[in-house]
Amino acid sequence: MASQSFTVVIAGGGLGGLTTALALRWRGLHTVVLEQADALGEVGAGIQTAPNASRILFGLGLRRQLEAIRTEPSDQVRRRWRDGKIIAQLPLADRVVGEFGAPYWHYHRADLHRVLLDACADPEGPGPVTELYTSAAVVDIDRTDPQRPVAVTRDGRRFAGDVLIGADGIRSAVRDAAGFTDTLVFSGEMCFRALIPGDKLAADPATRFLLDRYHSTIWYGPDRHLVHYCIRGGEYLNVVAVVPSTIDTDLSWVLPATASELVESFPGWDDRVAAMLSKAEGDASKWALFRRRRDPVWVDGRVALLGDACHAMLPYQAQGASQAMEDAAVLAEELGAVTRDGIDGALIRYVNRRATHAGMVQDASLQNMRLYHLPDGPEQEERDRLLRDFRGESDVSYDWLWNGTPLAQHETESHSYPFAR
Ligand SMILES: Cc1cc2nc3c(=O)[nH]c(=O)nc-3n(C[C@H](O)[C@H](O)[C@H](O)COP(=O)(O)OP(=O)(O)OC[C@H]3O[C@@H](n4cnc5c(N)ncnc54)[C@H](O)[C@@H]3O)c2cc1C
């Protein structure tokens with residue numbers, strides 16, 4: 001443990017930034033979060049956390065709070081586009097807990113974000129309470145004193161720290177201000193995101209099956225795929241529908257979408273898909289999907305990147321936020337173990353422990369873009385055969401992914417399952 005505390009300024013109060021603040025707080029470090037938005041929050045959509053992320057969140061004392069907001073899928077189900085035939089079914093729930101020591105859970109993003117935020121601000125929690133600033137868009141970095149980087153906000157406020165972390169998402173301003181290489185790539189695809197009310201699904205015999213059991217479901221079809229799962233105990237079905245992009249990406253980033261657009265994007269698919277998508281309500285949206293090219297340079301002196309700012313990936317492994325949480329855990333282990341003099345080395349060790357791992361997940365997510373969207377034929381049949389055996393869908397296995405980056409022994413021992421239910 002460090003004998004002398006210091007200050008870490010974090011640009012970005014998303015899931016990555018807040019997990020980082022909390023993990024550093026637990027190590028006794030003073031944290032300052034600068035969020036560009038007027039209010040801290042998350043988009044109205046769901047999120048899946050695999051055991052690699054759940055384990056870290058439990059390690060930060062959040063098990064009880066997460067149990068109150070989670071929905072636990074019993075199985076992961078893979079279906080074919082035309083007739084909904086089940087290609088493969090993998091048990092999650094207790095099997096995952098037994099094998100990986102932590103659960104696979106689903107949340108409303110806003111609920112998960114709120115749990116993290118409350119923990120950062122909790123005066124009773126361990127370590128110094130996180131200082132949180134909204135309407136604080138970081139636009140520049142002053143490194144006149146390289147040991148004390150200063151985050152400069154749009155309105156001219158200056159926040160100095162011993163370390164500056166850019167957790168400000170895929171279009172990171174910290175990344176640009178620090179002069180890291182531009183690695184942003186448009187995928188050519190876009191996704192619709194929608195929350196479909198569970199009571200509407202329950203009222204229609206064609207869609208009632210979606211609520212029979214909680215599943216994490218992927219439908220595979222040529223050029224497109226569909227992911228859905230229940231959140232808030234079936235109050236909503238969260239839908240992510242990925243299709244070739246029709247968005248002018250220079251002009252638009254997120255646009256509103258309608259239920260009929262969603263339905264029309266899946267012509268010829270099983271009738272139950274149209275029945276499901278037609279029930280999407282007013283706040284459906286469509287997003288151009290970007291990623292970052294794999295690049296192991298995440299640190300420059302006392303400025304380091306974290307989460308989507310350094311390893312934004314396509315959402316085809318549902319791992320972007322989970323990888324950001326792994327970044328947070330490792331960064332906290334490294335910074336928490338040094339005094340001011342050791343910061344530079346700690347940041348380098350953080351990157352050494354994380355960049356290859358996260359890069360492999362980036363690559364695996366990109367591989368899935370092709371694998372998920374194969375036209376019907378021999379390659380698709382071979383893919384489905386592999387999925388049936390569940391040896392994994394890309395070069396990384398679930399064993400590797402869900403075990404996560406190795407953390408210090410005491411961390412995993414003191415916070416993992418089993419726990420009383
Ligand atoms: C459709 C879809 C589904 C996904 N599903 C999953 C999933 O199931 N599981 C999973 O693990 N991941 C999933 N992901 C990925 C996940 O959403 C991201 O990887 C994750 O949100 C990244 O977290 P972050 O904190 O790095 O960045 P962000 O969530 O983008 O947060 C960045 C924060 O920084 C703020 N900010 C931006 N610029 C500035 C600035 N200049 N100054 C200050 N603040 C700033 C933003 O307002 C925001 O609050 C999915 C992604 C998509 C698109």
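Within segment 287-297, the residues that satisfy the criterion of being basic (Lys, Arg) and either over 14 Å from GLY359 (Cβ atoms) or within 12 Å of the ligand (Cβ to nearest atom) (or both) are ARG291, ARG292.
Taking every residue in segment 333-348 that is of a type in the set (S, T, N, Q) and pairing it with any residue that is surrounded by 14 or more Cβ atoms within 10 Å (Cβ to Cβ), at least 6 positions away or on another chain, the pairs with Cβ-Cβ distances below 8 Å are THR339/ALA2; THR339/PHE6. Restricting ASP223, ASP199 to residues that are of a type outside the set (A, V, I, L, M) and free of Cβ contacts under 8 Å to residues at least 60 places away in the same chain narrows the list to ASP199.
The rows are residues; the columns are (1) in contact with a His (Cβ under 6 Å, 6 or more places away or on another chain); (2) among the hydroxyl-bearing types (Ser, Thr, Tyr).
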| residue | (1), (2) |
| --- | --- |
| CYS191 | no, no |
| TYR214 | no, yes |
| GLY221 | no, no |
| LEU237 | yes, no |
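The listed residues are LEU29, LEU34, and the only one of them that is touching a Phe, Trp or Tyr at 6+ places or on another chain (Cβ under 9 Å) and over 18 Å from ALA119 (Cβ atoms) turns out to be LEU34.
Scanning segment 39-75 for residues that are farther than 18 Å from HIS108 by Cα and polar (S, T, N, Q) yields a count of 1.
Comparison of LEU226, LEU210, LEU237 shows that the only residue that is farther than 20 Å from TYR316 by Cα and either under 22 Å from the mean Cα position of the chain (by Cα) or crowded, with 20+ Cβ neighbours inside 10 Å (or both) is LEU210. One residue stands out in segment 377-408 among those that are among the charged types (D, E, K, R) and in contact with a Lys or Arg (Cβ under 8 Å, 6 or more places away or on another chain): the one that is nearest to LEU57 (Cα to Cα), namely GLU393. The one condition from (1) more than 13 Å from the ligand (Cβ to nearest atom); (2) at pLDDT 95 or above; (3) more than 17 Å from the chain's Cα centre (by Cα) that ALA2 does not meet is (2).
Inside segment 298-348, residues that are more than 13 Å from the ligand (Cβ to nearest atom), touching a helix residue (DSSP H, G or I) at 6+ places or on another chain (Cβ under 8 Å), within 23 Å of ASP182 (Cα to Cα) and not aliphatic (A, V, I, L, M) make up a count of 2. Scanning segment 264-276 for residues that are more than 13 Å from ARG224 (Cα to Cα) and touching a helix residue (DSSP H, G or I) at 6+ places or on another chain (Cβ under 6 Å) turns up just one, ALA274. When restricted to residues that are within 11 Å of the ligand (Cβ to nearest atom) and under 18 Å from VAL303 (Cα atoms), segment 165-190 contains 13.
Out of everything in segment 23-74 that is part of a loop (DSSP other than H, G, I, E, B), surrounded by fewer than 20 Cβ atoms within 10 Å (Cβ to Cβ) and not hydrophobic (A, V, I, L, M, F, W, C), what residue ends up being nearest to the ligand (Cβ to nearest atom)? Restricting to residues being part of a loop (DSSP other than H, G, I, E, B), surrounded by fewer than 20 Cβ atoms within 10 Å (Cβ to Cβ) and not hydrophobic (A, V, I, L, M, F, W, C), the top hit is GLN36. Just wondering, is there one or more residues in segment 53-74 that are at pLDDT below 95, touching a helix residue (DSSP H, G or I) at 6+ places or on another chain (Cβ under 8 Å) and closer than 24 Å to GLY234 by Cβ? Checked segment 53-74: no residue is at pLDDT below 95, touching a helix residue (DSSP H, G or I) at 6+ places or on another chain (Cβ under 8 Å) and closer than 24 Å to GLY234 by Cβ.
Across segment 366-385, a minimum of one residue is classified as within 16 Å of the ligand (Cβ to nearest atom), at pLDDT 95 or above and in contact with a Gly (Cβ under 8 Å, 6 or more places away or on another chain).
Residue-wise test of (1) within 28 Å of LEU251 (Cα to Cα); (2) at pLDDT below 95.
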residue	(1), (2)
GLU281	yes, yes
ARG291	yes, no
VAL297	no, no
LEU306	yes, no
PRO315	yes, no
GLN319	yes, no
GLU326	no, no
VAL330	no, no
GLU333	no, no
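Scan segment 191-206 and tell me whether some residue there is within 26 Å of THR246 (Cβ to Cβ), within 12 Å of the ligand (Cβ to nearest atom), aliphatic (A, V, I, L, M) and out of contact with any Asp or Glu (no Cβ under 8 Å at 6 or more places or on another chain). Looking for residues that are within 26 Å of THR246 (Cβ to Cβ), within 12 Å of the ligand (Cβ to nearest atom), aliphatic (A, V, I, L, M) and out of contact with any Asp or Glu (no Cβ under 8 Å at 6 or more places or on another chain), one finds none in segment 191-206, hence no.
Scanning segment 143-164 for residues that are of a type in the set (Ser, Thr, Tyr) and either more than 10 Å from the ligand (Cβ to nearest atom) or part of a loop (DSSP other than H, G, I, E, B) (or both) turns up just one, THR144. Only one entry of ALA257, ALA284 meets the criterion of being surrounded by 21 or more Cβ atoms within 10 Å (Cβ to Cβ), under 22 Å from the mean Cα position of the chain (by Cα), of a type in the set (A, V, I, L, M) and within 13 Å of the ligand (Cβ to nearest atom), and that entry is ALA284.
The values are calculated or read from the model by the stated rules, or taken from the named source; none is laboratory data. Computed from a predicted structure; not experimentally measured. Note that each Cβ is placed from the backbone with ideal geometry, even for glycine, and that neighbours are counted across all protein chains shown.
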